[in-house]
Amino acid sequence: MARFIMNYLSPKALIATVVFAISFVFLSRVGGWFGALFWVAVILAAAHLAIRGAPRIGDADVSRFTVSVPFYLGMLGFVTLFALVEKPALRWGIMALAVFVVFVVLHTLYRSNVPETFRPRFLLPIMRMTLYAGVYGLFTATFGFMTLVQLPIWLGTLAVLAVAGLASWSLLRLAGVGNDRAYPAALVITLLTFELFWVTTFFPVGYAVQGWLLGGSFYALVQGVMLRFHETGRLERRSRARLIAAVIAIAFVALAARWV
(Lines give C-alpha, C1' and ligand atoms only; values in the text may rest on other atoms or scores of the structure.)
Protein backbone atom coordinates (compact mmCIF):
# COMPACT_ATOMS: atom_id res chain seq x y z
CA MET A 1 0.00 0.00 0.00
CA ALA A 2 2.78 2.40 0.92
CA ARG A 3 4.62 1.56 -2.32
CA PHE A 4 1.43 2.22 -4.33
CA ILE A 5 1.04 5.60 -2.68
CA MET A 6 4.66 6.53 -3.36
CA ASN A 7 4.61 5.29 -6.97
CA TYR A 8 1.22 6.61 -8.07
CA LEU A 9 -0.23 9.10 -5.58
CA SER A 10 1.63 12.26 -4.70
CA PRO A 11 2.39 12.41 -0.95
CA LYS A 12 2.49 16.22 -1.09
CA ALA A 13 -0.93 16.31 -2.73
CA LEU A 14 -2.29 13.91 -0.10
CA ILE A 15 -0.91 15.95 2.79
CA ALA A 16 -2.26 19.22 1.37
CA THR A 17 -5.67 17.62 0.76
CA VAL A 18 -5.82 16.30 4.34
CA VAL A 19 -4.96 19.75 5.72
CA PHE A 20 -7.60 21.25 3.46
CA ALA A 21 -10.25 18.73 4.61
CA ILE A 22 -9.45 19.17 8.32
CA SER A 23 -9.65 22.95 7.97
CA PHE A 24 -13.07 22.60 6.34
CA VAL A 25 -14.25 20.42 9.24
CA PHE A 26 -13.12 23.03 11.78
CA LEU A 27 -14.78 25.73 9.67
CA SER A 28 -18.07 23.82 9.89
CA ARG A 29 -17.79 23.74 13.71
CA VAL A 30 -17.12 27.41 14.46
CA GLY A 31 -19.97 29.73 15.32
CA GLY A 32 -18.55 33.26 15.18
CA TRP A 33 -17.17 35.42 12.40
CA PHE A 34 -13.66 35.52 13.87
CA GLY A 35 -13.31 31.74 13.93
CA ALA A 36 -14.83 31.43 10.47
CA LEU A 37 -12.44 34.01 9.00
CA PHE A 38 -9.50 32.30 10.70
CA TRP A 39 -10.25 28.90 9.16
CA VAL A 40 -11.01 30.45 5.78
CA ALA A 41 -7.57 32.05 5.96
CA VAL A 42 -6.04 28.67 6.85
CA ILE A 43 -7.79 27.03 3.87
CA LEU A 44 -6.62 29.69 1.43
CA ALA A 45 -3.08 29.66 2.88
CA ALA A 46 -2.89 25.87 2.53
CA ALA A 47 -4.11 26.14 -1.06
CA HIS A 48 -1.55 28.86 -1.80
CA LEU A 49 1.36 26.90 -0.33
CA ALA A 50 0.30 23.76 -2.20
CA ILE A 51 0.20 25.61 -5.51
CA ARG A 52 3.49 27.42 -4.86
CA GLY A 53 5.19 24.11 -4.10
CA ALA A 54 3.92 22.39 -7.25
CA PRO A 55 6.12 21.98 -10.34
CA ARG A 56 6.00 25.07 -12.54
CA ILE A 57 3.84 24.76 -15.66
CA GLY A 58 5.61 26.88 -18.25
CA ASP A 59 6.68 30.45 -17.47
CA ALA A 60 5.06 32.74 -14.91
CA ASP A 61 2.37 34.00 -17.29
CA VAL A 62 1.42 30.49 -18.42
CA SER A 63 1.34 29.24 -14.85
CA ARG A 64 -0.86 32.18 -13.86
CA PHE A 65 -3.70 31.57 -16.32
CA THR A 66 -3.31 27.79 -16.36
CA VAL A 67 -3.16 27.12 -12.61
CA SER A 68 -3.26 30.11 -10.27
CA VAL A 69 -6.38 31.97 -11.43
CA PRO A 70 -8.57 28.85 -11.94
CA PHE A 71 -7.47 27.24 -8.66
CA TYR A 72 -7.85 30.33 -6.47
CA LEU A 73 -11.22 31.28 -7.96
CA GLY A 74 -12.38 27.69 -7.54
CA MET A 75 -11.36 27.58 -3.89
CA LEU A 76 -12.91 30.98 -3.16
CA GLY A 77 -16.13 29.80 -4.78
CA PHE A 78 -16.29 26.67 -2.64
CA VAL A 79 -15.43 28.53 0.57
CA THR A 80 -17.97 31.31 0.06
CA LEU A 81 -20.72 28.85 -0.85
CA PHE A 82 -19.86 26.77 2.22
CA ALA A 83 -20.07 29.85 4.43
CA LEU A 84 -23.37 30.90 2.84
CA VAL A 85 -25.50 27.76 3.00
CA GLU A 86 -26.96 26.56 6.28
CA LYS A 87 -28.29 23.07 5.51
CA PRO A 88 -25.81 20.46 6.83
CA ALA A 89 -26.28 18.14 3.84
CA LEU A 90 -25.45 20.89 1.37
CA ARG A 91 -22.45 22.01 3.41
CA TRP A 92 -21.02 18.49 3.56
CA GLY A 93 -21.67 18.10 -0.17
CA ILE A 94 -19.79 21.32 -0.93
CA MET A 95 -16.94 20.25 1.35
CA ALA A 96 -16.67 16.82 -0.29
CA LEU A 97 -16.64 18.36 -3.77
CA ALA A 98 -14.05 20.95 -2.76
CA VAL A 99 -11.74 18.32 -1.23
CA PHE A 100 -12.11 16.12 -4.31
CA VAL A 101 -11.26 19.02 -6.66
CA VAL A 102 -8.25 19.99 -4.55
CA PHE A 103 -6.89 16.45 -4.60
CA VAL A 104 -7.41 16.01 -8.36
CA VAL A 105 -5.78 19.34 -9.19
CA LEU A 106 -2.81 18.90 -6.86
CA HIS A 107 -2.30 15.26 -7.81
CA THR A 108 -2.30 16.22 -11.49
CA LEU A 109 0.16 19.05 -10.88
CA TYR A 110 2.59 17.11 -8.71
CA ARG A 111 2.59 14.06 -11.01
CA SER A 112 3.05 16.04 -14.24
CA ASN A 113 6.73 15.37 -14.83
CA VAL A 114 6.47 16.21 -18.53
CA PRO A 115 4.39 19.41 -18.53
CA GLU A 116 4.46 20.17 -22.25
CA THR A 117 2.83 16.86 -23.23
CA PHE A 118 0.93 16.23 -20.01
CA ARG A 119 -0.77 19.58 -19.62
CA PRO A 120 -3.06 19.63 -22.72
CA ARG A 121 -4.40 16.11 -22.12
CA PHE A 122 -5.17 16.20 -18.40
CA LEU A 123 -4.57 19.53 -16.73
CA LEU A 124 -6.50 21.96 -18.94
CA PRO A 125 -9.94 20.27 -18.72
CA ILE A 126 -9.56 19.97 -14.94
CA MET A 127 -8.65 23.65 -14.56
CA ARG A 128 -11.52 24.77 -16.81
CA MET A 129 -14.03 22.82 -14.72
CA THR A 130 -12.50 24.18 -11.52
CA LEU A 131 -12.71 27.72 -12.87
CA TYR A 132 -16.35 27.42 -13.95
CA ALA A 133 -17.25 25.89 -10.58
CA GLY A 134 -15.57 28.82 -8.83
CA VAL A 135 -17.36 31.36 -11.03
CA TYR A 136 -20.74 29.81 -10.24
CA GLY A 137 -19.93 29.64 -6.52
CA LEU A 138 -18.78 33.26 -6.34
CA PHE A 139 -21.70 34.59 -8.38
CA THR A 140 -24.17 32.63 -6.25
CA ALA A 141 -22.50 33.74 -3.03
CA THR A 142 -22.59 37.36 -4.19
CA PHE A 143 -26.36 37.23 -4.73
CA GLY A 144 -26.77 35.28 -1.49
CA PHE A 145 -24.86 37.74 0.69
CA MET A 146 -26.70 40.64 -0.95
CA THR A 147 -29.96 38.96 0.06
CA LEU A 148 -29.15 37.54 3.50
CA VAL A 149 -26.81 40.13 5.02
CA GLN A 150 -27.87 43.12 2.91
CA LEU A 151 -24.53 43.43 1.17
CA PRO A 152 -24.45 46.76 -0.73
CA ILE A 153 -24.99 46.28 -4.43
CA TRP A 154 -21.82 48.19 -5.28
CA LEU A 155 -19.77 45.59 -3.38
CA GLY A 156 -21.55 42.87 -5.32
CA THR A 157 -20.73 44.74 -8.51
CA LEU A 158 -17.04 44.90 -7.65
CA ALA A 159 -17.00 41.17 -6.88
CA VAL A 160 -18.70 40.29 -10.18
CA LEU A 161 -16.37 42.55 -12.17
CA ALA A 162 -13.27 41.03 -10.58
CA VAL A 163 -14.43 37.44 -11.03
CA ALA A 164 -15.64 37.94 -14.60
CA GLY A 165 -12.47 39.76 -15.62
CA LEU A 166 -10.02 37.22 -14.19
CA ALA A 167 -12.04 34.19 -15.27
CA SER A 168 -12.65 35.37 -18.85
CA TRP A 169 -8.97 36.29 -19.33
CA SER A 170 -7.88 32.90 -17.99
CA LEU A 171 -10.37 30.99 -20.15
CA LEU A 172 -9.34 32.86 -23.30
CA ARG A 173 -5.67 32.22 -22.61
CA LEU A 174 -6.40 28.54 -21.89
CA ALA A 175 -8.01 28.42 -25.34
CA GLY A 176 -4.79 29.65 -26.91
CA VAL A 177 -5.80 33.29 -27.44
CA GLY A 178 -2.86 35.70 -27.13
CA ASN A 179 -2.83 38.56 -24.65
CA ASP A 180 -3.19 41.13 -27.44
CA ARG A 181 -6.69 39.77 -28.13
CA ALA A 182 -7.49 38.24 -24.74
CA TYR A 183 -7.39 41.54 -22.83
CA PRO A 184 -9.93 43.47 -24.97
CA ALA A 185 -12.14 40.37 -25.30
CA ALA A 186 -12.08 39.87 -21.52
CA LEU A 187 -13.02 43.53 -21.06
CA VAL A 188 -16.05 43.10 -23.34
CA ILE A 189 -17.14 39.93 -21.51
CA THR A 190 -16.69 41.66 -18.14
CA LEU A 191 -18.80 44.67 -19.13
CA LEU A 192 -21.56 42.45 -20.53
CA THR A 193 -21.50 40.33 -17.36
CA PHE A 194 -21.78 43.52 -15.33
CA GLU A 195 -24.91 44.53 -17.27
CA LEU A 196 -26.40 41.06 -16.86
CA PHE A 197 -25.66 41.17 -13.13
CA TRP A 198 -27.75 44.32 -12.71
CA VAL A 199 -30.58 42.80 -14.74
CA THR A 200 -30.46 39.55 -12.75
CA THR A 201 -30.84 41.39 -9.44
CA PHE A 202 -34.42 42.22 -10.47
CA PHE A 203 -35.43 38.60 -11.08
CA PRO A 204 -37.82 37.32 -8.36
CA VAL A 205 -35.90 34.08 -7.77
CA GLY A 206 -33.57 32.68 -5.13
CA TYR A 207 -29.86 33.45 -5.07
CA ALA A 208 -28.94 29.93 -6.25
CA VAL A 209 -30.98 30.43 -9.43
CA GLN A 210 -29.60 33.94 -9.89
CA GLY A 211 -26.08 32.57 -9.65
CA TRP A 212 -26.89 29.86 -12.17
CA LEU A 213 -28.40 32.35 -14.62
CA LEU A 214 -25.48 34.74 -14.39
CA GLY A 215 -22.92 31.93 -14.46
CA GLY A 216 -24.62 30.36 -17.48
CA SER A 217 -24.74 33.71 -19.23
CA PHE A 218 -21.04 34.22 -18.53
CA TYR A 219 -20.32 30.77 -20.00
CA ALA A 220 -22.38 31.61 -23.10
CA LEU A 221 -20.54 34.93 -23.51
CA VAL A 222 -17.15 33.21 -23.34
CA GLN A 223 -18.16 30.59 -25.91
CA GLY A 224 -19.62 33.26 -28.19
CA VAL A 225 -16.42 35.30 -28.10
CA MET A 226 -14.29 32.21 -28.68
CA LEU A 227 -16.14 31.61 -31.96
CA ARG A 228 -14.21 34.57 -33.34
CA PHE A 229 -10.82 33.20 -32.32
CA HIS A 230 -10.88 29.49 -33.15
CA GLU A 231 -8.62 28.54 -36.05
CA THR A 232 -10.18 25.16 -36.89
CA GLY A 233 -13.70 24.18 -37.80
CA ARG A 234 -13.78 21.46 -35.16
CA LEU A 235 -13.14 23.92 -32.31
CA GLU A 236 -15.62 26.37 -33.77
CA ARG A 237 -18.33 23.71 -33.92
CA ARG A 238 -17.54 22.72 -30.33
CA SER A 239 -17.92 26.30 -29.07
CA ARG A 240 -21.13 26.73 -31.07
CA ALA A 241 -22.58 23.55 -29.56
CA ARG A 242 -21.60 24.72 -26.05
CA LEU A 243 -23.12 28.13 -26.69
CA ILE A 244 -26.42 26.58 -27.79
CA ALA A 245 -26.40 24.21 -24.80
CA ALA A 246 -25.79 27.14 -22.42
CA VAL A 247 -28.66 29.15 -23.89
CA ILE A 248 -30.99 26.14 -23.61
CA ALA A 249 -29.92 25.55 -19.99
CA ILE A 250 -30.47 29.22 -19.11
CA ALA A 251 -33.93 29.22 -20.71
CA PHE A 252 -34.89 25.96 -18.98
CA VAL A 253 -33.85 27.20 -15.54
CA ALA A 254 -35.58 30.53 -16.14
CA LEU A 255 -38.83 28.83 -17.11
CA ALA A 256 -38.59 26.38 -14.22
CA ALA A 257 -38.07 29.27 -11.80
CA ARG A 258 -41.27 30.87 -13.17
CA TRP A 259 -40.07 34.39 -13.64
CA VAL A 260 -40.64 34.35 -17.41
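The values are calculated or read from the model by the stated rules, or taken from the named source; none is laboratory data. Predicted, not measured: the structure shown is a model, and the values here were computed from it. Every residue, glycine among them, receives a Cβ derived from its backbone with ideal geometry; neighbour counts consider all protein chains shown. Side chains included, ligands, DNA and RNA excluded: accessible areas come from the protein's heavy atoms. Shrake-Rupley method; radii C 1.70, N 1.55, O 1.52, S 1.80 Å.
The table below lists the values:
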item: 222 nm mean residue ellipticity, helices alone, for the chain (DSSP H n ≥ 4; -39,500 (n - 2.57); rounded to 500); result: -26500 deg cm²/dmol
item: Contour minus Cα-Cα distance for Leu90 and Trp198 (0.36 nm per residue); result: 36.1 nm
item: Calculated Cα extents along the principal axes in Å (choose from [x] 68, 44, 36; [y] 63, 59, 30; [z] 58, 52, 29), label; result: [z]
item: Probe 1.4 Å, protein heavy atoms only - accessible area per residue of the chain in square angstrom; result: 52 Å²
item: Mean Cα-pair separation over length for the chain, i.e. relative contact order, pairs under 8 Å, 6 or more apart, %; result: 17 percent
item: Hydrodynamic radius (Kirkwood) for the stretch 134-196, which is based on Cα pairs only, to one decimal in Å; result: 12.2 Å
item: Contact order normalised by residue count of the stretch 13-84, Cα under 8 Å, 6+ apart, percent; result: 28 percent
item: Cα convex hull of the stretch 97-201 - mean projected area over all directions, nm²; result: 7.7 nm²
item: Between the stretch 23-90 and the stretch 195-260, the alpha-carbon center distance in angstrom; result: 26 Å
item: Sequence ranges 177-184, 35-42, ranked by mean other-Cβ count within 10 angstrom, highest first; result: 35-42, 177-184
item: Among Val209, Ser23, Phe197 - extreme Cα towards positive end, dipole of the chain, charges at beta-carbon; result: Ser23
item: Relative contact order %, the stretch 155-260, counting alpha carbon pairs below 8 Å whose residues are six or more apart; result: 25 percent
item: Normalised per residue, the volume of the convex hull around the Cα set of the stretch 205-260 (Å³); result: 57 Å³
item: Rounded percent of accessible protein surface that carbon and sulfur make up, the chain, 1.4 Å probe; result: 70 percent
